[in-house]
Amino acid sequence: MFWKNENSIEPKKNFRLEIEKYYYGISNNRIPEELLNGIIEKVTDQIYRDYKCFWGQYPKSRKRYSKLKLEDLDHDFVNYRIMDFLKEKNLCEYRNFLKVLFRMNDLELEEYEKMKYLYETK
């Protein structure tokens, strides 16, 4: 989607399209579409809200926060939100979905969950 204006933040629909493309590429049809769309909606809402906040809060960094950077989707806070979302769904296979989305094996995901627990309980 074409957008070129450093004096404002990119439209939310552009964020969603990029996030959708990113997660559909990672999932490669291994996560149910309805569930994946829920994840995409949660992530889009969070990232867009954060970008709008940072865009206003850090005027010297407006260029940085005017357009989505895909590497921000690998941030722990985004992943924690995805973890919480999937756990709330009460799915027995939620860990398998997390391994797909985070590109982790069982051991890596176990360590990541420990790290999240330690962060949240400090």
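Can you name the residue in the stretch 49-107 that is outside any helix (DSSP H, G or I) and hydrophobic (A, V, I, L, M, F, W, C) and is also least open to solvent (accessible area, probe 1.4 Å) among such residues? Before the answer, list the steps.
First pass over the stretch 49-107, keeping only residues outside any helix (DSSP H, G or I): 58, 62-69, 75, 89-93, 103-105.
Next, from what is left, pick out any that are hydrophobic (A, V, I, L, M, F, W, C): 68, 91-92, 104.
Values: Leu68: 21, Leu91: 51, Cys92: 129, Met104: 43 Å².
The selected residue is Leu68.
Taking the stretch 108-120, which residues are of a type in the set (Asp, Glu) and open to solvent by 40 Å² or more (accessible area, probe 1.4 Å)?
Pass one, the stretch 108-120, residues of a type in the set (Asp, Glu): 108, 110-111, 113, 120.
Hits for the stretch 108-120 are Glu108, Glu110, Glu111, Glu120.
The values are calculated or read from the model by the stated rules, or taken from the named source; none is laboratory data. Note that the coordinates shown come from a computational prediction; the quantities given were computed from them, not determined experimentally. Only protein heavy atoms, including side chains, enter the accessible area calculation; ligands, DNA and RNA are left aside. Shrake-Rupley method; radii C 1.70, N 1.55, O 1.52, S 1.80 Å.
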